[in-house]
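What follows draws every value from the coordinates through simple rules; no lab data is involved. These numbers were taken from a predicted model, which means no experiment stands behind them. Methodologically, a virtual Cβ is constructed for each residue, glycine included, from the backbone with ideal geometry; neighbour enumeration extends over all protein chains shown.
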Amino acid sequence: MKIYAVKDYDAMSKKAAEILAAKLILKPNAVLGLATGSTPVGTYKNLIDMNSKGLIDFSQVKSVNLDEYVGLTGDHDQSYRYFMNTNLFDHVNIDKANTNVPSGIAADTAAECARYDKVIADMGGVDIQVLGIGNNGHIGFNEPDSVFTRGTHIVELTQGTRDANARFFASIDDVPTKAITMGVANIMFADTILLLASGEAKAQAVYDTVMGSITPNVPASILQLHKNVIIVADEAALKLIPASMKN
Ligand code: PGA
């Protein structure tokens with residue numbers, strides 16, 4: 001794992017965007033694995049800025065998102081499809097037909113999971129996968145569990161995750177109880193993984209991910225087995241990581 005220690009959220013966002021931009025310059029038809037949440041918003045703002053200045057081009061880019069809430073339509077303002085449209089896709093020259101978010105409203109959820117696995121496979125896999133990390137070490141919505149789940153699947157959200165995300169909803173009762181998420185194998189097959197973390201609330205999860213046992217109890221800990229993980233995190237999120245491990 002290569003760990004870039006940066007000062008704060010803005011520096012994390014800038015560095016992450018530079019890494020993604022470099023990928024797009026080297027491979028204009030890259031497949032981007034994208035994430036939602038507060039963490040990547042600044043990264044996406046930087047990418048929008050670079051795109052508006054003509055420094056990067058999304059015209060040949062394809063994307064797959066990690067997850068979606070079950071029960072929310074793509075036009076619900078808390079759905080992850082809506083998040084991606086408003087935080088990135090509406091503001092860059094990407095063809096929305098090339099963007100993929102799992103459906104949260106499929107009647108046949110098993111078929112939707114299989115379809116999404118096939119979408120990823122048909123693209124030839126993900127070139128660079130952006131990840132946030134949950135306070136409990138989740139990646140995508142792979143919550144702490146007794147097993148690692150390989151492919152796209154339906155998960156029951158933990159109370160902690162629902163509490164953490166309640167800030168975006170009118171009340172905790174409005175936070176969905178289930179989500180559809182890529183599995184850890186989908187994530188691990190990405191060529192490069194770009195994990196972002198900001199703030200002290202993430203410090204324990206980052207420590208467990210980098211220094212702890214590889215266990216489905218901390219889903220992100222499986223990233224220790226990936227050959228090409230870049231962590232960009234700020235001082236607060238890296239506060240438990242020894243200085244010798246930071247770039
Ligand atoms: P956050 O969520 O970016 O809103 O902190 C990260 C996550 O839960 O994966």
- prompt: Tell me, what HN-Hα J-couplings in whole Hz come from the Karplus equation 6.51 cos²θ - 1.76 cosθ + 1.60 at θ = phi - 60° for each residue of region 151-167, using x for Gly and Pro?
  reply: x, 4, 7, 9, 10, 8, 6, 6, 4, x, 5, 5, 4, 4, 8, 4, 4
task: Over 20 Å between C-alpha atoms is what I'm after, so list which of K178/K202; K27/K202; K178/K227; K23/K53; K23/K239 land there.
output: K178/K202; K27/K202; K178/K227; K23/K239
- request: For region 45-175, calculate the relative contact order in percent as a whole number, restricting contacts to Cα pairs under 8 Å that are 6 or more residues apart.
  value: 20 percent
query: Quick one: Karplus J couplings for region 221-236, per residue in order, coefficients 6.51, -1.76, 1.60, θ = phi - 60°, nearest Hz, x for Gly and Pro?
result: 5, 5, 5, 4, 8, 8, 7, 9, 10, 10, 9, 10, 9, 8, 4, 5
message: Take K246 and N217, extend 7 Å from each Cα along the Cα→Cβ direction, and tell me the distance between the two endpoints in nm.
response: 2.7 nm
- prompt: By average Cβ neighbour count within 10 Å, what is the ranking of 135-146, 74-85 from highest down?
  reply: 135-146, 74-85
Derived scalar couplings ³J(HN,Hα) [region 70-79; Karplus, 6.51 cos²θ - 1.76 cosθ + 1.60; whole Hz; x for Gly, Pro]: 6, x, 9, 6, x, 9, 5, 6, 10, 6
task: Would you mind telling me which residue in L194, L24, L225 has the biggest mean-square fluctuation in a Gaussian network model of the chain, where springs connect alpha carbons within a distance under 10 angstrom?
output: L225
Computed P(r) (all Cα pairs; region 125-246; 5 Å bins; percent): 2, 12, 21, 24, 20, 14, 6, 2, 0
query: Could you work out the helix-only [θ] at 222 nm for the chain, with each DSSP H run of four or more residues adding -39,500 (n - 2.57) and the total divided by the number of residues, to the nearest 500 deg cm²/dmol?
result: -9000 deg cm²/dmol
- request: Quickly work out the D108-to-K27 label distance, labels modelled 7 Å from Cα along the C-beta direction, and quote it in nm with one decimal.
  value: 3.2 nm
Distant-in-sequence amide H partners of G33 (H built 1.01 Å from N, under 5 Å): V64, D127, I128, Q129, V130
message: Could you identify which residue out of F169, F58, F89 has the top mean-square fluctuation in a GNM of the chain using Cα springs shorter than 10 Å?
response: F169
- request: First select every other residue whose beta carbon is under 13 angstrom from the beta carbon of I241; then total the charges, Lys and Arg +1, Asp and Glu -1.
  value: 0
